[in-house]
Structures are given as C-alpha cells and as structure tokens.
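The values are calculated or read from the model by the stated rules, or taken from the named source; none is laboratory data. Just so we're clear, the structure is a prediction, and the values are computed from it rather than from any experiment. Cβ atoms come from the backbone with ideal geometry, glycine included; neighbour counts cover every protein chain shown.
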Amino acid sequence: MTETDRQGSRLLPWGALPTSAASLLRDLPVILAGMALLYGLLSLAHYWASPVGEQPVIDLRPSALPKYALFSVTRIALAYLLSLVVAVAYGYVAAHSTRAERVLIPLLDTLQSIPVLSFLPPVMVAMMALFPTRQLGIELGSILLILTGQVWNMTFSVYSSIKNVPREMREAAGIYRFSRWQELTQLELPSAAIGLVWNSMMSVAGAWFFLMACEMFALGNRDLRLPGLGSYLQTASNAGDTRAIAWGLAAMIVVIVLIDQLIWRPAIAWGEKFKLEQVEAVQTPRSAVLNLLRRSRVLNALERTAIDPAGERVTLYFARSRADGPPTRPKGANWTARAVAVAAVLLLAFAVVKMALVTASLSRSAMLGILTGAGATFLRVEATLLLAALWTVPVGVAVGLRPRLAAFLQPLAQIAASVPATALFPILLLFLIRAGGGLGIGSILLLLLGTQWYILFNVIAGASSIPADLKEACHVFGISGAQRWRKLFLPGIFPYLITGFVTASGGAWNASIVAEYFKFRGQTLSTVGLGAVISRATDNGDFPALLGATLVMAAMVVTFNRLVWRRLYVLASTRFRLEV
Amino acid sequence: MNQTMAERLHTAMAAARPDQATSVLQSLDPDDAAELFQSLPFEQQQSLFGEMPAGYAAVLAGIMPYYHTYVLLHSRPVEDLTAIVGEMNPDERRFFLDALPEEAWQHLMDELSGQHPVAEPEEAFVAVEPQGPPIIEARQVEKHFQRPDGGEIQVIAPTDLTISEGLVVAMLGPSGSGKSTLLRILTGLAQPSHGEVLWHGSPLNGLNPNVAIVFQSFALFPWLTVIENVEAALLARGMEQAERHSRALRTLASVGLKGFENAYPKELSGGMKQRVGFARALAVEPEILFMDEPFSALDVLTAETLRGELMELWLEKKMPTKSIFIVTHNIEEAVLLADRVIVLGRNPARIRADFKVPLGQPRDRNAAEFLVYVDYIYKLMTDPEREAGPLVATAPKPAVQALPHARPGGIAGLLELVADRGGKEDLYHVAEDLQMEVDDLLPIAEGARLLDFVKLQKGDLEITPAGQKFAEGDIGERKLLFRDAVLAHVPLLQQMHGALLKKSDRKMPLEFFRDIIDEHFSRDDAHSQIETALDWGRYGGLFDYDSERDNLIAQAEETPQA
C-alpha cells in the first residue's frame, strides 16, 4: 500500500472512487451484478410477505423461467449462507471443547445419515405454525430443508480443518497472544477455507437435488408449492409437457453453469492462497471473474474504506480486552454451559422416549412393510453401486490414464454430474414407460443417475494418481491385460473407489425416497422399498410410519458405514496407499 | 565456613589482590578450592589463574574439568603453560591429556615442545557478561503423559532451570529427549505436571507475557504476506495500524527483508522464511527469544549465514532481547552460539550437564578450544553413564533398555567406515566424514555399541573383534553375526525369540509384545521401539512378521553357507 493510498483511506469513500470512463466501464459488471441481486431480494421479499391463501399457479411458459430461476437460486443461497454460519459455529465449538466434541461429533455422524426428505413434514408443519398467514412459513421451511441437506459435510470440514491446524502455527498464535477472534479470523478460518469451498460446491449441488422435492409437495391433504425451478419441472412432468421439461432443464443447466463460473471457479482460485503447503505450485487455478473482482475499483475502495477498518477495529477491540485482564474465563460461563448441556440432554431423552412411543404405535403390518421395504431398498442400493462400478471403473481408468483426455472430459462430466438426478427423472420415466418397464427396475436406473458420478470422479482421480514409474515397471516386465488390472490398476484406485462408494451409497439411500415413489402425469408410480414407505407416509401425513421408516434407514446407513465402509477405508488407507 | 571463604575470596578479587585470593584458596582442601574458584565469573578466573604460582595452578588444573583447564591454560603465556603442565600430578596429567580430542592434544603438544608459532590467545577472549538477575526460573518442573491404559510415563524428570539476563543458552539433547517440551513449559505454552515456573519471581499464570518463539517449521501463515505475518503479532498486542506498520518495516529491514514486505511466504526460500520468523519474533521485543531448532530445516550454508546474522544482531545489541534460549540437536551449533550449554539426557529428560562456554565471539570452528567443547559434548552424549560436568543433577536411571532407532544397514555402514580407518576413530570425525548430524549418527553408534560391535570411549569409536568380523563378512555371515549379537545383548529380542520357539505353531501376535513395551515408553517411543525390534529381528533372521495378521513367525535355524 502506498502512502497516498493510506491517506486516501481517511477521506470519504467516494473520494477514492474512479473518475475516468474507462475504469467505470471496468466496474460496470460488478455494479450491474449488485443491482440484480438487490432486485431479486426485493421481489422475493415482496412475494414472501404475501398471504398464504392463494396457491401460486406455476406458469409453464418459458418466459416465466428467469423469475423462477431467481427464486430458486435465492432460496439455495439463503440456505447456503445459513449453513455456513451453522457449520462454522458447530465446527468451532466441537473442535475447541473436548467435552462438547464427545457429544457433537457422534451426533453429526448420525444426523448425516438421516435422509433429508424425512425432515420435510415436521419442519414444514413447525414453520407453518410459526407463520400461519404468510408465505414466509413454507418458504423458511424449504430453506431449512435445503440446509439440512447441505450443512453436515460443511460442518465436518470446518471441524477437521480446525482440528488439523499445524501444531506450530497454533503455538505461534498462542505465543504471540492472539485473541480468540484473531485466532479464528487469521488462523482457523483461513485453514478451513479450501475444504469449505469444495464442500460448499458439493452441498450446493445436493441442494438442487432436494429443491425438486421441497418446492412442491403434499402434506396430508394440503398441496403446497413454491414458485421456482423445482416446482416448474414437477408441474411440467405432471402435465406431461415435454417441451416445458426441456426448457426447465435447459434453464437449470444454464443456472448451474453460471454459478460454477461466477462463484465456484473464482472461489477455488481465491482459495489457492490458503493452501498450507509452503512451496508455490506450478499450476494454479485461475478465474477471469476473480481477476475482474480484484481489479474492480469500487470493491477495492469499499474494502479499503469500510471492510478493512471495521475488521481492524474489531480485532483491536478483542486484542485489548484480552490485554487488559488476565485471560481467565468468567465463572458464570461455566454454569451456563452446564445448564445448556443438561437441558440438551433432557430434551434428547424426551425426544427418544417420544420416538419410542410413536414407533410402538405402528401396526404389525406397517412394521413388516418397513422391514421388507428396507430389504428391497438395500438390495437396490447395492445393485446400483455394482452397476455403477461396472461402467465407471473401466471408463474412469481409461480417462484417468490419459491426462489430456481427462482435462478435456472432466469439465463436461462435471456439468453432467451437477444436473440433479431428480430433474432428469421425468425424462427417464418417459422412456421407461414407453419401454414398458416398471419402477421396480426403473428405480435402480434412477438411483444410478444420481450416484454414478461420485464413483466416476473418484476413479478418474485415482487412475491419474498412479505413479508413472509403476506404469513403466509394468511395461518393462511385460505385465499387461488382466494381470495389469489385478496388480496395478485395481490396487491403485482402491482407496479412491472406496471413497466414491461411501459417498454414492449415502446418496443412493437418500435418493431412494424420490426414486421409488414418483408422481407423473397425474398418477403415482411406486415400488416396494423403504424410500417409497417414507414418501407415502409424507403424502398421507402418517407420522409413525415416517418416523419408523426414517429410523430404520438411518440405522441401516450408520451400521453399514461402521461395519463395511469404515473397515474398507482403513484397509485402503494402510495397505493400498501409494506413497514413497 | 565455605561461605566466609567465598566472601574473603570475593573481597580479595575486588581489591585486585590475586596473592590474597590465592592464599585463601590454598588454605582450603584442593577439591573445595577448585569448586570455589570455578564459581567466580570467568574473566576473574582467567586473571586469577594468570597470576597464581605455577605450582598451585597445576593443582587446580588437575581437578577442574579438562575442557575448562584447557581454556584456562591458554590464558597464560606458553612458557607458563609448559611449567604448569610439568608440575601437574602425573596421573592427573595423563588423565587430562587423554581426555583431549586429537586436534587439541596435537595443538598442546606443539605448544609444549615449542614448535607451535605462539599465538597469544588473550585477544580472542571477550569477557563474558556477568550474569544478571533471573528472568525465568523453573522449579522442580516435571512432565508426565497419560498412557491409554491409565498409567503414566514420565517424560521430564524434576528439573531446575534458570535463565538470566545477558546470556545465550543452548539446550542440547538427543531427539525425543523432551527438549521441545521443556521449552514449551518455560514459555507457558505447556503446563508442567508438577513444579512451577517463575517469571521475574512470580508464578507464571498461563502464557509467558513477553517471549517469542522462532519455530523449526517457521510457522508462518501462508495466507498473509510477509509484513502481515509480522503485523499479526503486533495487532494481537493491540497496536494501532500506523505504528504497527512502521515497526514491522523496521524489523523486516533489520533482518534483511527490505523489498520482500508484500511477498507471500511460499514465494520465499527456506532461509528467507526463517528471517520472517525472526522478524516476527523480534518485532514484539521479547525479553527472551526462544528458538526451537530454528536452523534444522535449512540447508547447511543458509543455516550458517543466518546464525552469523543472528549473532551479529545479538552481539551488537541490535535486538531488544535480554536473553536467547535455543534448543538444538546440533553440537557445533550449540558451541558456536551459546555462552552456556545445557545437555539433556533422555527417558526421562533430565539435565546431565550445565556449563559455560567462555570463548569469545565470533568463534572459530577449527580452534582447538572450540573442538575441546565439541568433543566434550560428544563424549557426554555418547556415554550415558559418564559423569557429567560441574553442575550435575542426580539422575534416575532408565528402567528398561531402550533400543536406539538404528537400521542394521546403518550399523553395517558405520562398522565398515571404522574398520576402514584402522578400527578406531573420533565420533565427531565420523560425523564430519559422513556429513551426518549427531542426531542421526548417535543412534547408529549406540546400536553398534549395544550389539558389542564397537566400544564407545571418550567420544572414540573402537571396533571390537566381533565388529571387525562383521565388517569383513559377506551378507550371509553378517546376518549370522548379527543374530548372535542380538541374542546375546538385546533382552527384548531374546524374549521374543524365546517365546516364539516355545509355541508349537511358532507364531505369536506382535500385539503381545507391544503391550509389554507400551508400559515403559510413550506412544511415539513405543512405536519406534517396536519398529527397531522388528527390523533387527528380521535382519538377524530371528523371525518374520506378517503385517496383515500382525503375527510374528519364528524362522528355522539356518546353517551358515560356506
């Protein structure tokens, strides 16, 4: 920073604003984007405050799509921001208090495996009770639902980043007497940044998946809908309007690509500077949008005159309040923490008892339905994984071994993967019905649509990380064909394959709720399965069945994770780790 | 009585009456006199030693530690030196001369025979600053770690340690000896399990208020620029932006980082990164500058440059620091930098020696006086039983034999080298030849000694007949010799071998032995113990290890191949 710059910062903000037309032109995109954002928020607020009575009619004309896209994006954005706050707070507490950690981390692990869509009825009922007269209630409900789909992996990422801050860096912060605040902002959040960016991408991709379900659903006898891309696509598929489905899909892909280019690419490029490695990488991700933002004088002026000084004041405040007194904790805090803990435990106990009572009221036939459903869905999920592996392993290895092909195909595959499977269901169903297949087999295809990508990407990553000297060794010793697969490729990709399976398996269980029970052209298609039980219970407002089925699903996911995946994971990270 | 004698000695010294001081000493028992004499500030010792009659100087010279005697002798002219050595008690003289490392011995011999061009060493000496009041005082601090099964492992034995103004203190010790833990206790980053740390006389509550640490890994924040890294430490003290900025700029300039203010750490070389580490530490104007192996992540040349620059800042009082405390495993580095050296032993950590290095700065690595100290520390570190220097703490002995973390291949290499040199070599020469840090070399030497392939005496490695045979043998013979040596000298491996032979299926889970070892070592140490035991046992063909089933399998006795 030069001397004049620093003096400029003491003047009013517009003193630092650009004056020439050329620099104004450079700032134009930033200013326009700001205005668009403001308009979106205002129109959304206007709509939110509208009374709940009149159900919006979803307009299937393509011209309505921009508005719907804006609504959906705003919903996702708000849910994401909320997730961010929750993830940082939860992760921070879990990482800093050993006592809280012992409760919070297993809880996180369990919450992660509860299918998100099971949260739908209780969340919606609660929100509608909070705001009975305004659209805001359902709107908040849908945002909370999207949040429950996003927040867990982000929280986990924050937690493990904070836990894994290198010891000497943590000690440096200690010995130079950073306040808690400075430690958070200058050490912990920066170390968490990269993990958070990647997990945010995953979370938001997942949000599109759930958007389909939570923008339009039936709750008991009420048919609720929120204007957005999800409800547009559902309405279109209910009407069997192929043209509208195509338009809706196109709009969704455009939005997803735009978000990728305007938010995630810049975020990844920006995250580069938070890498912990001490050596400069040869190739670093770049983003034109990020450069534009960095060069924008409006943003720079804003940063210099408002954000930086504010941050400075806050940090100084914390530093001084710490420097004044000895760093002892007030005794009251301990008591409040204890009271909160006791309350939480009581609440939890109450919930468990309540749950037991509710599930006990299930009839035998309902129980049996849940259990057979669980068996069917289990088989379906495993069949899906097997099928996915059958095509993704050879293709993934073939792509991963050819770096140029991988560089070319990766972005295309990423776009394909980011289109939520739920949006593609209607199209697939059209084919299925024409081919005369039922949903029993069809749902496997639907699950495959949603989960194969996790495996494919991991296999590609694994194959491209096989060291060149091992490949050369195979070549020199004439190892080829099946033997090369057995000795090199399969062991080489094994850890990645397991990672892919774990993610895919969780995703498949969750997706079964939408895949096994589907409303299409005014009729309901369904098959035997746990997902179908949950969906039907939601539709009928059958709370005991919903709770029982959800518990069974969560239990199965957790058990399977513990018994199978975790062991394979340990095996992968010990025996099959490629290292020197 | 000693109290009054000490007073009388001090009075005599204050009055500049060396004759009186000498007679005070002469009135005492020689051992007490030597102790009293060494309690004087070094420059007073020097002047008094220079003035006293050769006969009495010879008495003291025979009693004091040899390195101390060696340095004091050189504060007198060569003809006095000859006279004093001549008048020493023959046994003590032989002992003294034997103890000297080769270079120092040669140097002394040349001087005594008058061949050596007489270089008056007086100018090389700079008076050591008198010790100021203590800044940090550790009283009986100890550290235990909880084992998973509930037991405790002592990593630091009760230790007293004082850091006073005006000195550079180096703490040396083998790796894993708890040096870093002790440093963290002194700074307040870690809490002692027992005992207390005093800061200017009052107990330390939480972090030490005014210290800084330079870390081995630099511990810079990669997302902050060089100047932001320095400013972060000042911001934490609540300093306003303008003042922070100018102080950071000043400090960066003083360590030669002008022009790099806005670089990110990853754009800098290792040496430049550590300069940032220094700048960040100096910017907060610490009373004591702590350094945790600050040069070990750097290459040799860079480390040398940085050491020189650090000493320049310190000696020319360009840093506001009252004392420097450096933890290192590099013996030469310690002797190069420190006014006072503390040597730690391990299992648990305890102070084995604590002595002054009264050499002037800058020090010459090849000077005989320098080598005397290097050699002395080598002897101390290679010989766990050796009686340590003047200020020894009584030390508990380790309960269980600890295997040094040495690979059989390393031991073989060392034996070949020593055999090549005619079967006997100074350890620090070996270190020099192999370009190895003492930290890497010591476990290997210790391993060879444990297996009775070499004898370690006074810092010399001497190969034994078994070692000689090993060095000359081919692979098959070496394995057999190794097997015999292991079974003869390593109880843990005897135990493992015996247990395996008693089983009918000749198999046993490693877990069983791991449990035994866990009782005596901390987790990391236990891990390296197991690793070494496996390595040695497999090399000696005692057993094989199936890592998948975590099983040890006894190997059939092999007959030597012709």
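Somewhere in the range A:202-218, is a residue aromatic (F, W, Y), more than 30 Å from A:Y317 (Cα to Cα) and not in a helix (DSSP H, G or I)?
yes
Kindly provide the set of residues from the range A:497-526 that are more than 28 Å from the chain's Cα centre (by Cα) and part of a helix (DSSP H, G or I), ordered by number.
None - no residue of the range A:497-526 is more than 28 Å from the chain's Cα centre (by Cα) and part of a helix (DSSP H, G or I), so the list stays empty.
For the range B:273-304, what are the residues that are surrounded by 19 or more Cβ atoms within 10 Å (Cβ to Cβ), away from every other protein chain (no Cβ under 11 Å) and in a helix (DSSP H, G or I)?
Within the range B:273-304, B:Q274, B:R275, B:V276, B:F278, B:A279, B:L282, B:A303 qualify.
Does A:A49 fit the bill of being modelled with pLDDT under 80 and out of contact with any helix residue (DSSP H, G or I) (no Cβ under 9 Å at 6 or more places or on another chain)?
Against the criterion (modelled with pLDDT under 80 and out of contact with any helix residue (DSSP H, G or I) (no Cβ under 9 Å at 6 or more places or on another chain)), A:A49 does not qualify.
Going through the range A:149-180 one residue at a time, which ones are under 23 Å from A:A310 (Cβ atoms), part of a helix (DSSP H, G or I) and within 10 Å of chain B (Cβ to nearest Cβ)?
A:A173 - this is the single residue of the range A:149-180 that is under 23 Å from A:A310 (Cβ atoms), part of a helix (DSSP H, G or I) and within 10 Å of chain B (Cβ to nearest Cβ).
So, in the range A:386-429, exactly how many residues are within 19 Å of A:Y496 (Cα to Cα) and buried (at least 20 other Cβ atoms within 10 Å of the Cβ)?
So the count comes out to 7.
Could you check how many residues of the range B:231-243 are within 16 Å of A:L187 (Cα to Cα), facing chain A (nearest Cβ under 7 Å) and in a helix (DSSP H, G or I)? Walk me through how you get there before you give the answer.
Step one: list which residues in the range B:231-243 are within 16 Å of A:L187 (Cα to Cα), which gives B:231-236.
Narrowing the set further to residues that are facing chain A (nearest Cβ under 7 Å) leaves B:232-233, B:235-236.
Those still in the list that are in a helix (DSSP H, G or I) too: B:232-233, B:235.
The qualifying residues number 3.
Would you check which residues across the range A:482-517 are over 21 Å from A:F576 (Cβ atoms) and not hydroxyl-bearing (S, T, Y) and list them?
Of everything in the range A:482-517, those that are over 21 Å from A:F576 (Cβ atoms) and not hydroxyl-bearing (S, T, Y) turn out to be A:G506, A:G507, A:A508, A:W509, A:N510, A:A511, A:I513, A:V514, A:A515, A:E516.
Name every residue in the range A:524-544 that is surrounded by 24 or more Cβ atoms within 10 Å (Cβ to Cβ) and closer than 13 Å to A:M355 by Cβ, in order of residue number.
Correct list: empty.
Condition test on A:F119, is it of a type outside the set (S, T, N, Q), touching a residue at least 24 places away in the same chain (Cβ under 8 Å) and touching a Pro at 6+ places or on another chain (Cβ under 6 Å)?
Values: of a type outside the set (S, T, N, Q): yes; touching a residue at least 24 places away in the same chain (Cβ under 8 Å): yes; touching a Pro at 6+ places or on another chain (Cβ under 6 Å): no.
It is false that A:F119 is of a type outside the set (S, T, N, Q), touching a residue at least 24 places away in the same chain (Cβ under 8 Å) and touching a Pro at 6+ places or on another chain (Cβ under 6 Å).
Just checking, does the range B:181-200 include any residue being within 12 Å of another protein chain (Cβ to nearest Cβ), surrounded by 23 or more Cβ atoms within 10 Å (Cβ to Cβ) and among the hydroxyl-bearing types (S, T, Y)?
Yes; the residues of the range B:181-200 include at least one that is within 12 Å of another protein chain (Cβ to nearest Cβ), surrounded by 23 or more Cβ atoms within 10 Å (Cβ to Cβ) and among the hydroxyl-bearing types (S, T, Y).
Given B:F482, B:F512, B:F470, which one is aromatic (F, W, Y) and in contact (Cβ under 8 Å) with a residue 60 or more places away in the chain?
B:F482
Listed residues A:L120, A:L144, A:L78; which is closer than 20 Å to A:G507 by Cα, out of contact with any strand residue (DSSP E or B) (no Cβ under 9 Å at 6 or more places or on another chain) and in the same structural domain as A:L219 (by TED's automatic domain parsing)? Walk me through how you get there before you give the answer.
Numbers: A:L120 fails: out of contact with any strand residue (DSSP E or B) (no Cβ under 9 Å at 6 or more places or on another chain); A:L78 fails: closer than 20 Å to A:G507 by Cα.
Exactly one residue qualifies, and that residue is A:L144.
Output the residues belonging to the range A:448-460 that are within 18 Å of the chain's Cα centre (by Cα) and of a type in the set (A, V, I, L, M).
Those that are within 18 Å of the chain's Cα centre (by Cα) and of a type in the set (A, V, I, L, M): A:L449, A:I455.
Considering each of B:A236, B:A219, B:A170, B:A138 in turn, give the residue that is out of contact with any strand residue (DSSP E or B) (no Cβ under 9 Å at 6 or more places or on another chain) and either of a type in the set (K, R) or surrounded by 17 or more Cβ atoms within 10 Å (Cβ to Cβ) (or both).
Within the list B:A236, B:A219, B:A170, B:A138, the selection yields B:A236.
Name the residue, out of B:E243, B:E231, that is surrounded by 20 or more Cβ atoms within 10 Å (Cβ to Cβ), closer than 20 Å to A:A319 by Cα and modelled with pLDDT of 90 or more.
B:E231
What number of residues within the range A:68-119 satisfy the criterion of being farther than 17 Å from A:S142 by Cα, hydroxyl-bearing (S, T, Y) and either modelled with pLDDT under 90 or outside any helix (DSSP H, G or I) (or both)?
Number of matching residues: 4.
Are there any pairs with C-beta distances below 9 angstrom linking a residue in the range B:211-230 that is at the interface with another protein chain (Cβ under 9 Å from one of its Cβ atoms) to a residue that is basic (K, R) and part of a loop (DSSP other than H, G, I, E, B), with the two at least 6 apart or on different chains, and if so which?
B:P222/A:K275; B:W223/A:K275
For the range A:183-236: of the residues being of a type in the set (D, E) and within 14 Å of chain B (Cβ to nearest Cβ), which is surrounded by the fewest Cβ atoms within 10 Å (Cβ to Cβ)?
In this case the residue turns out to be A:E183.
Is at least one residue of the range A:75-95 free of Cβ contacts under 8 Å to residues at least 60 places away in the same chain and either among the polar types (S, T, N, Q) or surrounded by 20 or more Cβ atoms within 10 Å (Cβ to Cβ) (or both)?
There is no residue in the range A:75-95 that is free of Cβ contacts under 8 Å to residues at least 60 places away in the same chain and either among the polar types (S, T, N, Q) or surrounded by 20 or more Cβ atoms within 10 Å (Cβ to Cβ) (or both).
For residues in the range B:244-263 being within 13 Å of chain A (Cβ to nearest Cβ) and in contact with a Leu (Cβ under 8 Å, 6 or more places away or on another chain), which is farthest from B:P222 (Cα to Cα)? Spell out the reasoning first.
Pass one, the range B:244-263, residues within 13 Å of chain A (Cβ to nearest Cβ): B:244-246, B:248-249, B:261-263.
Among the residues that remain, those that are also in contact with a Leu (Cβ under 8 Å, 6 or more places away or on another chain) are: B:244, B:248, B:261.
Details: B:R244: 20, B:A248: 17, B:E261: 14 Å.
Out of the qualifying residues, it is B:R244.
Output the helices (runs of 4 or more DSSP H) that fall wholly within the range A:402-473 and possess 1 or more residues being without any contact (Cβ under 8 Å) to a residue 24 or more places away in the chain and among the basic types (K, R), or say none.
Hits in the range A:402-473: A:403-418, A:421-435.
Per-residue answers, yes or no, for (1) aromatic (F, W, Y); (2) assigned to a helix (DSSP H, G or I):
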position	(1), (2)
A:P495	no, yes
A:V528	no, no
A:L546	no, yes
A:T550	no, yes
A:F576	yes, no
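State yes or no: is B:P203 within 30 Å of A:G271 (Cβ to Cβ), surrounded by fewer than 24 Cβ atoms within 10 Å (Cβ to Cβ) and within 14 Å of chain A (Cβ to nearest Cβ)?
No, not satisfied.
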